[in-house]
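K.L.:
Got a structure here, written out as structure tokens. Questions coming.
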Amino acid sequence: MNVICTNTREIMNKIGYLSCRSRSSSLTFVPKCEPVKDSDLLKLKDFIHNHNSICILTGAGISTESGIPDYRSEGVGLYARSDRRPVPYKDFCASEAIRRRYWARNYVGWPRFSSVKPNSTHKILKKLEDANKVRCTITQNVDNLHTKAGSRRVIELHGTAFRVMCLNCDERICRYYLQDVFTRMNPNMTATSQMIRPDGDVDLSQEQVEGFQVPPCENCGGVLKPDIIFFGDNVPRQVVESVKYNVEHSDSLLVLGTTLTTYSGYRIALQANNAGKPIAILNIGKTRADDLAEVKVEGRCGDILSRIYAMIDQRKESMKC
């Protein structure tokens, strides 16, 4: 029987409420949230405790707590704060001017974006992986935070901003290396920005963009592109197959911090459902797969997972006594 003693429950509710308020006020890009119910907390805790080969699916909602905005969160997402939209794949490929603008903005935003640290959600998922609870983590994010936290079984569904590829010869280079090349080619580029976008770029004026030099591929002279899936691009077949295999060989799916608006993410929930895998979802607000979930909890991932992990850890300690 699952029981939380009265004093502990009261303390946890206060911690959850105050944590949610303080985090929401200090972390600009985290949507407002209500304190989670004890019953929901216990359901998600049992889901994690009762499964030992969990496929994790994460979205931008887990990285907002590290200071990276998402696109769609009500009131605080990029779409709520700006009329700017991501560059479509076909436009990036077709226009040298668009590529110059993209890379200039990315160059200015890179120092801040690349220095973002993992938060409690990334760290707890790493601990669950170490405890052999997690089969793999499929992330829709391109921020490399799961890897920074130490997770090893990571599938980057939409690629990573930390690599750059050539559209012609498929050569891949480190994004840090390209930053050094940009700096050498653009010694007079002094623009800065305090605002960061979900994929790491910033807003710059046309005047700041003009004259920015973009190098070709050193291997073949082709066009360089971040090794991420742009809007309108397709997830590579080998990634799709890897995801499908891991979902089919997992015992459950845990969805964290994503509305699953994009089909590439929603498809994973459909695959899990079709394979008969139980699904749990933790997110602030509705998701596209709510009807498929046996457990749905609304709340901030870092807060909820920290409390659940503490409960699981406490249970382990009590069993040793």
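The values are calculated or read from the model by the stated rules, or taken from the named source; none is laboratory data. Please read all numbers here as calculations on a predicted model, not as lab measurements. Cβ atoms come from the backbone with ideal geometry, glycine included; neighbour counts cover every protein chain shown. When the accessible area is computed, the model is the full protein with side chains, heavy atoms only, and any ligands, DNA or RNA have been set aside. Shrake-Rupley method; radii C 1.70, N 1.55, O 1.52, S 1.80 Å.
K.L.:
Name the single residue that is surrounded by the most Cβ atoms within 10 Å (Cβ to Cβ) among those in the range 83-95 being touching a Phe, Trp or Tyr at 6+ places or on another chain (Cβ under 7 Å) and not in a helix (DSSP H, G or I).
P.N.:
87
K.L.:
Would you say residue 173 is of a type in the set (A, V, I, L, M) and touching a residue at least 60 places away in the same chain (Cβ under 8 Å)?
P.N.:
Criteria not met by residue 173.
K.L.:
Given the criterion touching a residue at least 40 places away in the same chain (Cβ under 8 Å), over 25 Å from residue 247 (Cβ atoms) and open to solvent by 20 Å² or more (accessible area, probe 1.4 Å), identify the matching residue among 119, 132, 106, 168.
P.N.:
Going through 119, 132, 106, 168 in turn, just one is touching a residue at least 40 places away in the same chain (Cβ under 8 Å), over 25 Å from residue 247 (Cβ atoms) and open to solvent by 20 Å² or more (accessible area, probe 1.4 Å): 168.
K.L.:
Also, quick follow-up: Any residue in the range 179-206 that is farther than 12 Å from residue 108 by Cα sitting within a Cβ distance under 7 Å of a residue that is surrounded by 10 or more Cβ atoms within 10 Å (Cβ to Cβ) and at pLDDT below 70? List the pairs, counting only those 6 or more apart or interchain.
P.N.:
Pairs found: 198/70; 198/71; 198/78.
K.L.:
Considering only residues of the range 32-64 that are among the charged types (D, E, K, R) and within 26 Å of residue 249 (Cα to Cα), which is least open to solvent (accessible area, probe 1.4 Å)?
P.N.:
By that ranking, first place goes to 45.
K.L.:
Taking residue 197 as meeting all but one of (1) modelled with pLDDT under 95; (2) surrounded by fewer than 19 Cβ atoms within 10 Å (Cβ to Cβ), write down the number of the exception.
P.N.:
(2)
K.L.:
Looking at residue 192, is it closer than 30 Å to residue 135 by Cα, open to solvent by 10 Å² or more (accessible area, probe 1.4 Å) and part of a loop (DSSP other than H, G, I, E, B)?
P.N.:
no
K.L.:
Taking residue 256, is it buried (at least 20 other Cβ atoms within 10 Å of the Cβ) and under 22 Å from residue 144 (Cβ atoms)?
P.N.:
yes
K.L.:
Which of (1) at pLDDT below 95; (2) among the hydroxyl-bearing types (Ser, Thr, Tyr); (3) closer than 26 Å to residue 254 by Cβ is the odd one out, the single condition residue 26 does not satisfy?
P.N.:
Going through the list (1) at pLDDT below 95; (2) among the hydroxyl-bearing types (Ser, Thr, Tyr); (3) closer than 26 Å to residue 254 by Cβ, residue 26 breaks only (3).
K.L.:
Restricting attention to the range 42-60, and to residues there that are within 22 Å of the chain's Cα centre (by Cα) and assigned to a helix (DSSP H, G or I), which single residue is modelled with the lowest pLDDT?
P.N.:
Ranking the candidates gives 60 first.
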